[in-house]
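Student: Here it is: the structure, laid out below.
The values are calculated or read from the model by the stated rules, or taken from the named source; none is laboratory data. Everything numeric in this text was worked out from a predicted model, so none of it was measured. Cβ: placed from backbone, ideal geometry, glycine included. Neighbour counts: every protein chain shown. When the accessible area is computed, the model is the full protein with side chains, heavy atoms only, and any ligands, DNA or RNA have been set aside. Shrake-Rupley method; radii C 1.70, N 1.55, O 1.52, S 1.80 Å.
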Amino acid sequence: MTDLTEADKGHVRIIWKQLFADPEGNGRAVVLRLFTDYPETKKYFKTFKNISTEEEMQKSAQIKRHGKSVMNRLNDLIENLDNWDAACDIMTHLAERHIHVHKVGVQNFRIIFNVILTIMAETLGDGFTPEIREAWQKLFNIIYNYLENSYKTIEAAS
(Lines give C-alpha, C1' and ligand atoms only; values in the text may rest on other atoms or scores of the structure.)
Protein backbone atom coordinates (compact mmCIF):
# COMPACT_ATOMS: atom_id res chain seq x y z
CA MET A 1 0.00 0.00 0.00
CA THR A 2 3.11 2.11 0.13
CA ASP A 3 2.71 3.22 -3.51
CA LEU A 4 -0.77 4.58 -2.92
CA THR A 5 -1.00 8.32 -2.39
CA GLU A 6 -3.38 9.78 0.15
CA ALA A 7 -5.59 10.82 -2.78
CA ASP A 8 -5.57 7.22 -4.08
CA LYS A 9 -6.55 5.92 -0.66
CA GLY A 10 -9.36 8.46 -0.49
CA HIS A 11 -10.68 7.38 -3.91
CA VAL A 12 -10.58 3.72 -2.89
CA ARG A 13 -12.31 4.36 0.43
CA ILE A 14 -15.12 6.44 -1.09
CA ILE A 15 -16.02 3.75 -3.62
CA TRP A 16 -15.50 0.92 -1.16
CA LYS A 17 -17.91 2.49 1.31
CA GLN A 18 -20.62 2.25 -1.36
CA LEU A 19 -19.72 -1.31 -2.37
CA PHE A 20 -19.33 -2.68 1.13
CA ALA A 21 -22.75 -1.33 2.12
CA ASP A 22 -24.06 -4.56 0.53
CA PRO A 23 -21.28 -7.15 0.76
CA GLU A 24 -23.55 -10.11 -0.02
CA GLY A 25 -25.22 -8.56 -3.05
CA ASN A 26 -22.08 -7.03 -4.50
CA GLY A 27 -20.01 -10.09 -3.67
CA ARG A 28 -22.53 -12.32 -5.40
CA ALA A 29 -22.43 -10.02 -8.44
CA VAL A 30 -18.63 -10.41 -8.58
CA VAL A 31 -18.75 -14.21 -8.35
CA LEU A 32 -21.59 -14.47 -10.87
CA ARG A 33 -19.69 -12.27 -13.31
CA LEU A 34 -16.52 -14.28 -12.71
CA PHE A 35 -18.31 -17.53 -13.55
CA THR A 36 -20.16 -16.00 -16.50
CA ASP A 37 -17.16 -14.30 -18.11
CA TYR A 38 -14.59 -16.90 -17.03
CA PRO A 39 -16.47 -20.22 -16.73
CA GLU A 40 -13.20 -22.11 -16.40
CA THR A 41 -12.81 -20.63 -12.90
CA LYS A 42 -15.70 -22.76 -11.64
CA LYS A 43 -13.38 -25.79 -11.64
CA TYR A 44 -11.80 -24.53 -8.41
CA PHE A 45 -15.12 -24.78 -6.58
CA LYS A 46 -16.37 -28.32 -6.07
CA THR A 47 -19.80 -27.16 -4.96
CA PHE A 48 -20.23 -24.84 -7.96
CA LYS A 49 -19.34 -27.24 -10.78
CA ASN A 50 -22.91 -28.48 -11.23
CA ILE A 51 -24.47 -25.02 -11.11
CA SER A 52 -24.83 -24.14 -14.76
CA THR A 53 -27.65 -21.66 -15.30
CA GLU A 54 -27.63 -18.05 -14.22
CA GLU A 55 -30.85 -18.69 -12.29
CA GLU A 56 -29.20 -21.50 -10.31
CA MET A 57 -26.20 -19.26 -9.65
CA GLN A 58 -28.45 -16.41 -8.47
CA LYS A 59 -30.14 -18.74 -5.96
CA SER A 60 -26.97 -20.48 -4.76
CA ALA A 61 -26.24 -19.99 -1.06
CA GLN A 62 -22.63 -21.09 -1.69
CA ILE A 63 -22.10 -18.36 -4.28
CA LYS A 64 -23.61 -15.82 -1.92
CA ARG A 65 -21.27 -16.99 0.87
CA HIS A 66 -18.20 -16.95 -1.33
CA GLY A 67 -19.06 -13.50 -2.66
CA LYS A 68 -19.37 -12.19 0.87
CA SER A 69 -16.04 -13.79 1.73
CA VAL A 70 -14.37 -12.03 -1.22
CA MET A 71 -15.83 -8.72 -0.06
CA ASN A 72 -14.75 -9.32 3.54
CA ARG A 73 -11.14 -10.05 2.53
CA LEU A 74 -11.05 -6.91 0.40
CA ASN A 75 -12.53 -4.98 3.29
CA ASP A 76 -9.79 -6.29 5.58
CA LEU A 77 -7.19 -4.96 3.15
CA ILE A 78 -8.89 -1.63 2.62
CA GLU A 79 -9.22 -1.13 6.38
CA ASN A 80 -5.44 -1.55 6.54
CA LEU A 81 -4.38 0.75 3.72
CA ASP A 82 -2.29 2.65 6.28
CA ASN A 83 -0.92 -0.47 8.00
CA TRP A 84 1.40 -2.29 5.61
CA ASP A 85 2.36 -4.98 8.15
CA ALA A 86 -1.27 -5.94 8.78
CA ALA A 87 -2.02 -5.88 5.04
CA CYS A 88 0.96 -8.18 4.42
CA ASP A 89 -0.28 -10.63 7.05
CA ILE A 90 -3.73 -10.68 5.38
CA MET A 91 -2.27 -11.20 1.92
CA THR A 92 0.17 -13.90 3.07
CA HIS A 93 -2.67 -15.82 4.71
CA LEU A 94 -4.74 -15.40 1.54
CA ALA A 95 -1.89 -16.79 -0.58
CA GLU A 96 -1.33 -19.73 1.76
CA ARG A 97 -5.00 -20.72 1.73
CA HIS A 98 -5.30 -20.39 -2.02
CA ILE A 99 -2.18 -22.48 -2.59
CA HIS A 100 -2.66 -25.22 0.00
CA VAL A 101 -6.42 -25.43 0.55
CA HIS A 102 -8.08 -24.17 -2.62
CA LYS A 103 -5.31 -25.03 -5.14
CA VAL A 104 -5.95 -21.80 -7.05
CA GLY A 105 -3.23 -20.22 -9.18
CA VAL A 106 -2.23 -16.63 -8.53
CA GLN A 107 -3.36 -15.53 -12.02
CA ASN A 108 -6.96 -15.98 -10.86
CA PHE A 109 -6.56 -12.95 -8.60
CA ARG A 110 -5.83 -10.84 -11.68
CA ILE A 111 -9.02 -12.18 -13.25
CA ILE A 112 -11.23 -11.36 -10.26
CA PHE A 113 -9.66 -7.90 -9.94
CA ASN A 114 -10.52 -7.24 -13.60
CA VAL A 115 -14.08 -8.44 -12.97
CA ILE A 116 -14.40 -6.05 -10.02
CA LEU A 117 -13.08 -3.13 -12.09
CA THR A 118 -15.53 -3.95 -14.88
CA ILE A 119 -18.46 -4.07 -12.46
CA MET A 120 -17.39 -0.77 -10.87
CA ALA A 121 -17.22 0.92 -14.27
CA GLU A 122 -20.64 -0.39 -15.27
CA THR A 123 -22.28 0.36 -11.94
CA LEU A 124 -20.75 3.76 -11.22
CA GLY A 125 -20.73 5.11 -14.78
CA ASP A 126 -19.31 8.64 -14.85
CA GLY A 127 -18.68 8.38 -11.10
CA PHE A 128 -15.88 5.92 -11.87
CA THR A 129 -13.53 8.67 -12.98
CA PRO A 130 -10.11 8.02 -14.49
CA GLU A 131 -8.52 9.01 -11.16
CA ILE A 132 -10.66 6.54 -9.23
CA ARG A 133 -9.99 3.79 -11.77
CA GLU A 134 -6.26 4.45 -11.54
CA ALA A 135 -6.36 4.30 -7.73
CA TRP A 136 -8.12 0.93 -7.82
CA GLN A 137 -5.76 -0.38 -10.49
CA LYS A 138 -2.81 0.64 -8.34
CA LEU A 139 -4.32 -1.10 -5.33
CA PHE A 140 -5.02 -4.30 -7.25
CA ASN A 141 -1.51 -4.24 -8.77
CA ILE A 142 0.03 -3.90 -5.30
CA ILE A 143 -2.08 -6.78 -3.99
CA TYR A 144 -1.38 -8.94 -7.03
CA ASN A 145 2.38 -8.33 -6.94
CA TYR A 146 2.50 -9.17 -3.24
CA LEU A 147 0.45 -12.33 -3.78
CA GLU A 148 2.60 -13.37 -6.73
CA ASN A 149 5.77 -13.00 -4.65
CA SER A 150 4.12 -14.86 -1.76
CA TYR A 151 3.16 -17.71 -4.09
CA LYS A 152 6.77 -17.99 -5.29
CA THR A 153 8.12 -18.00 -1.74
CA ILE A 154 5.56 -20.47 -0.42
CA GLU A 155 5.89 -22.81 -3.38
CA ALA A 156 9.71 -22.72 -3.20
CA ALA A 157 9.54 -23.68 0.48
CA SER A 158 7.18 -26.61 -0.18
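Student: Restricting segment 119-133 to residues that are part of a helix (DSSP H, G or I) and of a type in the set (Val, Ile, Thr), which is surrounded by the fewest Cβ atoms within 10 Å (Cβ to Cβ)? If you could, list the steps in order and put the result at the bottom.
Tutor: Let us first name the residues in segment 119-133 that are part of a helix (DSSP H, G or I), namely 119-127, 130-133.
Filter once more, so that each one left must be of a type in the set (Val, Ile, Thr): 119, 123, 132.
On the way: Ile119: 18, Thr123: 14, Ile132: 19.
Ranking the candidates gives Thr123 first.
Student: Of Tyr144, Tyr151, which residue is touching a Phe, Trp or Tyr at 6+ places or on another chain (Cβ under 8 Å), touching a residue at least 24 places away in the same chain (Cβ under 8 Å) and among the hydroxyl-bearing types (Ser, Thr, Tyr)?
Tutor: Testing whether each residue is touching a Phe, Trp or Tyr at 6+ places or on another chain (Cβ under 8 Å), touching a residue at least 24 places away in the same chain (Cβ under 8 Å) and among the hydroxyl-bearing types (Ser, Thr, Tyr) leaves just Tyr144.
Student: Considering Val115, Val101, which residue is among the β-branched types (Val, Ile, Thr) and touching a residue at least 12 places away in the same chain (Cβ under 8 Å)?
Tutor: On inspection, the qualifying residue turns out to be Val115.
Student: Which ranges mark the helices (runs of 4 or more DSSP H) fully within segment 1-96 that have 3 or more residues being open to solvent by less than 50 Å² (accessible area, probe 1.4 Å)?
Tutor: 6-19, 23-37, 61-79
Every residue, every condition in (1) crowded, with 17+ Cβ neighbours inside 10 Å; (2) part of a helix (DSSP H, G or I); (3) among the polar types (S, T, N, Q), yes or no:
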position	(1), (2), (3)
Gly105	no, no, no
Arg110	no, yes, no
Asn114	no, yes, yes
Leu117	no, yes, no
Ala135	yes, yes, no
Lys138	yes, yes, no
Leu147	yes, yes, no
Lys152	no, yes, no
